[in-house]
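The values are calculated or read from the model by the stated rules, or taken from the named source; none is laboratory data. Every value quoted in this text rests on a predicted model; they were computed, and no experiment measured them. Reconstructed Cβ throughout: ideal geometry from the backbone, glycine too, with neighbour counts over all protein chains shown. In case anyone asks, the SASA skips ligands and DNA or RNA and just uses the protein heavy atoms, side chains included. Shrake-Rupley method; radii C 1.70, N 1.55, O 1.52, S 1.80 Å.
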Amino acid sequence: MAHSETVPAAGSNEPGWQGIVGDWSADKQTFQVPWGKAMMWIFLLSDTFIFTCFLTGYMNVRISTPVAWPNPSEVFALQVFGIDVPLLLIGIMTFDLITSSGTMALAVNFGYRRDRGRAAALMFITAAFGAIFVGMQAFEWTKLIVEEGIRPWGNPMGASQFGAAFFMITGFHGLHVSAGVAYLTIVAMKVLRGDYEKKGYEIVEIAGLYWHFVDLVWVFIFAFFYLW
Amino acid sequence: MADAHAATGQQHPLKIYFYIWGLLFLFSAASYGTDFLQHGYFRWGLILLFMALKAGFIVAIFMHMAWERLALIWAILGPPIVLLVLIGLMAVEGDYTELTRLNFFSAPLAPAGHTEAH
């Protein structure tokens, strides 16, 4: 064929822009990854839009209110031995999630090595860190609702939109963490049982993608809601 | 072939995960440290810097995006670019809403006898 030198052949695995044209124009699957992984990425893309809409809504109400925004550094301070430490619990929650991301990355690695005992153990540890995170969040919410009197429609510290933005954003994130704990636990039990010995251990990486995404969202919430 | 492993799974030396893990701890600590700075452009710049570094390393290394093919990378990382437009529009709109509110609240009070609440 005359044009075969300019148009990359289907599935030629060429790198760079030639590869993009080849992968998208070929009469075959576009993404050369397991279908579950492609679907997880596309789900995470949709989740990115949801969380961005929440954070953008929060930005909009915070910019548009003429009332002073409550200072998160003081609202989320904890007293330790009589000293107010700003954002202490939130800092611990951040390190908790980063730690769980690391154990998850290791679990994926051991999965591909077919070391299913270690992969499952690391997934259980990851889920445990997730459960601890949700526990700390429950403590944080309780303190804010019971002691500080923060409600979705108002609070004693300043702009009344604070509560609505806070409960919506952290609530939806906490829901994702809770779902992730359940998801990881189920997959870890199946890994331990040897369900994936034939199929391969892509499922650990796919579950890992979800978990890392939950950590990723927290990075943005931490920066824009707690630190800003 | 460099891309051969992409079809069978992402297998990389453990060293890189420990290295990135350490970096993420470092950036988290630095990020937390910004809370002790005065509010201002310096602090906001640092918050954004550490946020971008953390997010970048999580996506690139932990989520293996650095080793995926460009077809997948652009399909996933391309669409969120339009969100920047939404963020920009909502920032402008928020500023405008605040101006109209300040304008409204600073307007002369309604004539006496007009007790209707806003």
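Selection of region A:21-42 for residues being open to solvent by less than 50 Å² (accessible area, probe 1.4 Å), among the hydrophobic types (A, V, I, L, M, F, W, C) and closer than 26 Å to A:Gly208 by Cα yields A:Phe31, A:Val33, A:Ala38, A:Met40, A:Trp41. Tell me which residues, restricted to region B:33-50, are closer than 20 Å to A:Val217 by Cβ and either open to solvent by less than 40 Å² (accessible area, probe 1.4 Å) or touching a residue at least 60 places away in the same chain (Cβ under 8 Å) (or both). Scanning region B:33-50 gives B:Thr34, B:Asp35, B:Ile47, B:Phe50. Touching a Lys or Arg at 6+ places or on another chain (Cβ under 6 Å) and in a helix (DSSP H, G or I): is that true of A:Ile132 in this structure? So A:Ile132 does not fit the description; no.
Filtering region A:196-227 to residues that are open to solvent by 10 Å² or more (accessible area, probe 1.4 Å) and farther than 30 Å from A:Met168 by Cβ leaves A:Tyr196, A:Glu197, A:Lys198, A:Lys199, A:Gly200, A:Glu202, A:Ile203. Per the conditions (1) at pLDDT 90 or above; (2) farther than 30 Å from A:Ile20 by Cβ; (3) not polar (S, T, N, Q), the sole criterion not satisfied by B:Gly78 is (2).
Against the condition at pLDDT 95 or above and either under 30 Å from A:Leu209 (Cα atoms) or among the polar types (S, T, N, Q) (or both), how does B:Leu86 come out, does it pass? So B:Leu86 passes the test.
Note on region B:1-85: enclosed helices (runs of 4 or more DSSP H) holding 1 or more residues that are of a type in the set (D, E, K, R) and at the interface with chain A (Cβ under 8 Å from one of its Cβ atoms) are B:41-57. Applying a threshold of 8 Å to beta carbon distances and a minimum spacing of six or more residues, or different chains, the list of pairs starting in region A:176-193 at a residue that is touching a residue at least 24 places away in the same chain (Cβ under 8 Å) and ending at one that is outside any helix (DSSP H, G or I) and open to solvent by less than 70 Å² (accessible area, probe 1.4 Å) reads A:Val191/A:Tyr201.
Here A:Gly194, A:Gly149 are screened, and the one residue that is more than 22 Å from the chain's Cα centre (by Cα) and closer than 25 Å to A:Lys37 by Cβ is A:Gly194. Pairs are defined by a Cβ separation below 7 Å, a sequence spacing of at least 6 or placement on different chains, a first member in region A:25-42 that is within 8 Å of chain B (Cβ to nearest Cβ), and a second member that is outside any helix (DSSP H, G or I) and modelled with pLDDT under 90; the pairs so defined are A:Ala38/A:Phe31.
Regarding A:Lys198, is this residue out of contact with any Ser or Thr (no Cβ under 7 Å at 6 or more places or on another chain), assigned to a loop (DSSP other than H, G, I, E, B) and among the basic types (Lys, Arg)? It is true that A:Lys198 is out of contact with any Ser or Thr (no Cβ under 7 Å at 6 or more places or on another chain), assigned to a loop (DSSP other than H, G, I, E, B) and among the basic types (Lys, Arg). Across region A:59-72, the qualifying residues are those that are open to solvent by less than 20 Å² (accessible area, probe 1.4 Å) and in a loop (DSSP other than H, G, I, E, B), and the one among them that is nearest to the other protein chains (Cβ to nearest Cβ) is A:Thr65. Against the condition of a type in the set (Gly, Ala, Ser), in the same structural domain as B:Ile16 (by TED's automatic domain parsing) and within 14 Å of the chain's Cα centre (by Cα), how does B:Gly45 come out, does it pass? In short, yes. Out of region A:193-220, which residues are more than 10 Å from chain B (Cβ to nearest Cβ) and among the hydrophobic types (A, V, I, L, M, F, W, C)? Result: A:Ile203, A:Ile206, A:Ala207, A:Val214. Within region A:73-103, being assigned to a loop (DSSP other than H, G, I, E, B), open to solvent by less than 20 Å² (accessible area, probe 1.4 Å) and of a type outside the set (A, V, I, L, M) holds for one residue alone: A:Phe76. The requirement of being in a helix (DSSP H, G or I) and more than 11 Å from chain B (Cβ to nearest Cβ) is satisfied by A:Lys190. Do we find that A:Ile125 is β-branched (Val, Ile, Thr) and under 21 Å from A:Ala77 (Cβ atoms) in this structure? No. On the given criteria, is A:Phe139 aromatic (Phe, Trp, Tyr), crowded, with 22+ Cβ neighbours inside 10 Å and touching a Leu at 6+ places or on another chain (Cβ under 9 Å)? No.
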